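Only the coordinates and a few stated rules stand behind these numbers; no lab work does. All figures in this text were calculated on a predicted structure; none of them were measured in a lab. Note: ideal-geometry Cβ built from the backbone for every residue, glycine included; neighbour counts use all protein chains shown.
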Amino acid sequence: MTGKTNDWEPLSFEGLRTTSLHDRPSKVRLEDAAQPWQRGATLREFVRRLPRQLAGGSFREAVRAVAAAVSAGRTVLLGMGAHPVKVGLNPLLVDAVRRGILTAIAMNGAGVIHDVELALAGKTSEDVAAHLELGTFGTARETAEFIHGAVLEGLQRGGRGLGRAVGERLLEAEAPHRGLSLLAVAAECGVPVTVHVAIGTDIIHMHPQMDGAATGALSHYDFRLFSRLVSTLADGVFINLGSAVVIPEVFLKAVSVAANLGFSLDGITAINMDFMRHYRPRVNVLERPTAGRGRGIELIGHHELLLPLLFAAVIEELEGEGG
């Protein structure tokens, strides 16, 4: 019946066909649910008791992928922004390097700055709002002088990138806290660290010691080295930790280089870990590079919680105690 609004009558459901709950496929089952915690249980038990739905299942999958790659001698390549350094994860990253969990690391220019400041002074990350109006934001003398000096030395020595140049200079200078510097420990262990600089984004770029040509040359060397590392990611793992723009963009171009030169990335696992979802990590890390040949895993949460859990679970998996 049509006409005025008040003339409409409710639809009768008398002829509705029903199905059986017991026959209907369902996405959630009791055996997939979380299990309550018991005092004194191990981390292995904690992982095993996570629900299998959504992030619970994704976390298990990420642990298995990293542990399997390490066990098989495959590449596990970590790309990261500066935030993981700032939230206190250097000791865990250093431990992962020493254990052989990480094959190589890629970072942006800000990551180098915070790592170097920790190595030199045991502290980093200034109060931008407090210093900006005073014109003193980003003016720390020692930070700029050390990094730019390392870049010039690296250029003079030839055949090395920015990450290695800074790491080796931290070792040579016997920086007070070099044992917790990702760059220094990686250089000591022979683990590549590539640095991908976007000119104008870092505080040291406004210092008079800045040599754009030298910085560009070493960072371009690192991009070529990163491309070599990406070309070995067949059945390996790439982790993007907290980089919303630079590392996802660099990774995508390196994937294109690898494909152009005939390298297979079949079986690649890409993991994105950040505290919020971003466009570039989703499409440039999880979707495009893995399409038709691998899988993408997204883990959303704070770095200072997710990364310790992932590394701890991987270590137990490697020791035969995985859940």
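For the pair region 251-323 / region 24-91, the C-alpha centres are spaced 13 Å from each other. Just to be sure I follow the definition: excluding the sites themselves, where is the longest run in the chain that has none of the trypsin sites (Lys or Arg not before Pro) in a DSSP loop with at most 16 other Cβ atoms within 10 Å? Between exposed loop sites, the widest span is 124-276. Based on C-alpha pairs under 8 angstrom that are at least 6 apart in sequence, region 42-318 has a relative contact order of 24 percent. Available extension along the chain between His22 and Glu287 is 91.8 nm, counting 0.36 nm per residue and deducting the alpha carbon span.
Straightening the chain between Phe13 and Ala198 buys 60.3 nm, computed as 0.36 nm per residue apart minus the Cα-Cα spacing. Which option, (i) 1.01; (ii) 1.11; (iii) 1.04, is the value of Rg/Rh (Cα atoms, Kirkwood Rh) that was calculated from these coordinates? This structure yields the entry labelled (ii).
Taking 20 Å as the straight-line reach from the Cα of Lys253, the aspartates and glutamates in range (excluding those fewer than 8 positions away in the same chain) are Asp222, Asp235, Asp266, Glu287. Summarising the label geometry, the points placed 7 Å from Cα in the beta-carbon direction at Ala55 and His302 lie 1.2 nm from one another. Each label was represented as a point 7 Å from its Cα along the Cα-to-Cβ direction; for Ala33 and Glu249 these points are 4.8 nm apart.
Based on Cβ point charges of +1 for Lys and Arg and -1 for Asp and Glu, what charge dipole magnitude is obtained for the chain about its Cα centre, in debye rounded to the nearest 20?
Numbers: 32 positive and 35 negative charges, 178 e Å.
Here the chain has a charge dipole of around 860 debye.
Projecting the Cα atoms of Leu54, Ser125, Ala33 onto the dipole axis of region 1-143, where Lys and Arg carry +1 and Asp and Glu carry -1 at the beta carbon, places Ala33 farthest toward the positive end.
The phi torsions of region 166-181, fed into the Karplus equation with coefficients 6.51, -1.76 and 1.60 and a -60° offset, translate into couplings of 6, x, 5, 5, 4, 5, 5, 7, 6, 3, x, 10, 5, x, 10, 8 Hz, rounded to whole numbers, with Gly and Pro shown as x.
What's the extension gain from Val128 to Glu153 if we count 0.36 nm per residue and subtract their Cα-Cα distance? Please report the intermediate quantities before stating the final value.
On the way: separation 25, 0.36 × 25 = 9.00 nm, distance 3.03 nm.
Stretched fully, the Val128-Glu153 segment lengthens by 6.0 nm.
Among 192-205, 209-222, sorting by the average number of other beta carbon atoms lying within 10 angstrom of each residue, highest first, gives 192-205, 209-222. Take the Cα of Leu92, go 7 Å toward its beta carbon, and the backbone nitrogen atoms of region 25-65 under 14 Å from that spot belong to 63.
Take the chain and mark each of the GluC sites (Glu not before Pro) that is in a DSSP loop with at most 15 other Cβ atoms within 10 Å; the longest unmarked stretch, sites excluded, is 175-318.
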